[in-house]
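The values are calculated or read from the model by the stated rules, or taken from the named source; none is laboratory data. Quantities reported herein were computed from a predicted structural model and do not represent experimental measurements. Positions of Cβ are backbone-derived with ideal geometry, glycine not excepted, and every protein chain shown enters the neighbour counts.
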Ligand code: G3P
Ligand code: CA
């Protein structure tokens with residue numbers, strides 16, 4: 001019956017710690033990733049930027065300003081310079097209700113450090129950000145995936161850039177890819193778009209705001225995974241699960257875990 005099916009659906013939902021457990025701790029710090037793990041996130045989400053000296057770091061913005069005490073473009077600073085920055089105090093100021101003294105002074109991690117810390121059998125959900133700004137980013141990502149023998153069965157690579165995903169697919173067709181999409185109004189997807197995305201990707205990651213049940217059914221029935229971002233309330237999580245999404249990004253993996261447990 002419907003109830004059994006609904007509870008089965010809840011169990012398999014992929015819980016992605018968006019920028020780590022970034023509702024609880026400063027995004028893209030090792031501590032936020034560890035909290036994601038403790039809060040039952042299945043995947044650690046890592047956004048990538050590249051330093052002046054070609055190192056991949058975990059950061060959402062092209063600029064240092066929002067999440068560190070530095071200013072300016074990541075691509076204009078070396079790793080050593082970025083390592084001196086404080087990537088945690090901004091969070092304490094912005095979110096006093098979640099502030100903790102140990103967040104002050106946290107560093108920006110290199111992708112390499114994330115792999116070293118969490119190992120080859122952790123599930124990573126890595127986004128190539130601004131690939132047009134960082135030529136060679138896909139190649140460098142794959143170099144590190146291979147260097148650290150990351151389990152490709154557990155790896156997902158995502159991007160808003162179809163070009164970046166197609167580059168990844170050409171370089172290594174064994175890496176599973178997710179096409180990110182951003183809707184500004186009611187989400188609609190054509191059979192042609194689904195067919196095109198299916199050539200290189202195993203799933204779609206749209207913003208959740210404008211989704212509807214028909215969209216979810218269409219994508220999931222086509223055989224693609226559907227992982228909306230960024231879902232931070234239990235009510236919305238429940239609705240999306242009832243519609244049939246296969247996972248989601250959340251800043252509060254603890255809440256999605258509760259929903260999956262039927263709480
Ligand atoms: O990667 C899914 C979601 O994170 C996309 O939006 O801006 O948070 O990277 P953004
Ligand atoms: Ca992202």
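Residue under question is residue 137, and the condition is that it be in contact (Cβ under 8 Å) with a residue 24 or more places away in the chain and touching a helix residue (DSSP H, G or I) at 6+ places or on another chain (Cβ under 6 Å); does it hold? Quick ask: steps written out before the conclusion?
Values: in contact (Cβ under 8 Å) with a residue 24 or more places away in the chain: yes; touching a helix residue (DSSP H, G or I) at 6+ places or on another chain (Cβ under 6 Å): no.
Here the answer is no, as residue 137 does not meet what is asked.
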Considering only region 61-91, how many residues are in contact with a helix residue (DSSP H, G or I) (Cβ under 7 Å, 6 or more places away or on another chain) and in contact (Cβ under 8 Å) with a residue 60 or more places away in the chain?
3
Out of region 139-160, which residues are crowded, with 18+ Cβ neighbours inside 10 Å and within 16 Å of ligand 2 (Cβ to nearest atom)?
141, 155, 156, 157, 158, 159
Can you spot a residue in region 189-197 that is buried (at least 16 other Cβ atoms within 10 Å of the Cβ), at pLDDT 95 or above and within 16 Å of ligand 1 (Cβ to nearest atom)?
yes
If a residue has to be within 16 Å of ligand 1 (Cβ to nearest atom) and more than 23 Å from residue 134 (Cβ to Cβ) to count, how many in region 33-42 make the cut?
3
For residue 166, all conditions in the list (1) within 16 Å of ligand 2 (Cβ to nearest atom); (2) within 23 Å of residue 204 (Cα to Cα); (3) in a helix (DSSP H, G or I) hold save one; what is the number of the exception?
(1)
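Restricting attention to region 9-19, does a residue exist that is at pLDDT 95 or above, touching a strand residue (DSSP E or B) at 6+ places or on another chain (Cβ under 8 Å), more than 29 Å from residue 236 (Cβ to Cβ) and crowded, with 19+ Cβ neighbours inside 10 Å? Explain how you work it out, then say what you get.
Start the filter on region 9-19 by keeping residues that are at pLDDT 95 or above, which leaves 13-19.
Keeping just the survivors that are touching a strand residue (DSSP E or B) at 6+ places or on another chain (Cβ under 8 Å) gives 13-19.
Those left that are additionally more than 29 Å from residue 236 (Cβ to Cβ): none.
No, the conditions are met nowhere in region 9-19.
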